[in-house]
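Before we start, here is the structure in question, set down as structure tokens.
What follows draws every value from the coordinates through simple rules; no lab data is involved. All values reported here derive from a predicted model rather than from experimental measurement.
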């Protein structure tokens, strides 16, 4: 069977187009999902600051990581002391002590966070941080 015959057979047997379903997802910021996410984070030896207002995040970091000297932040409420936009290569991130990054989504089952490259400037940042 030739390539043209195969393509013609595929075109003849193409299924009819259907509309995508309208999928409504629950509001992830309410109910037991937030509690489940926080529990998953703490079970993995992390800390979830759900009860701490954003204006207190920087103070919490200072109190709990007093030895941190290089803080890379992409969150307005936590001022970092590095300008990630001025770095020309990700190798300069090797000595970052703390990275504060915005997450677009949290996974309640395992405490994972969905990070988007444009939100963190350098894709390696969450992995290279001390």
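Picking from 19, 83, 119, which is most flexible by a Gaussian network model of the chain using Cα springs under 10 Å?
19
Looking at the chain as a GNM with Cα springs under 10 Å, which of 54, 15, 90 has the largest mean-square fluctuation?
15
I need to check one value: relative contact order of the chain, counting alpha carbon pairs closer than 8 Å and at least 6 residues apart, in percent.
The normalised contact order for the chain reaches 22 percent.
Can I ask one more? Send over the Kirkwood Rh of the chain, from the inverse of the averaged 1/r over different Cα pairs, rounded to one decimal Å.
18.3 Å
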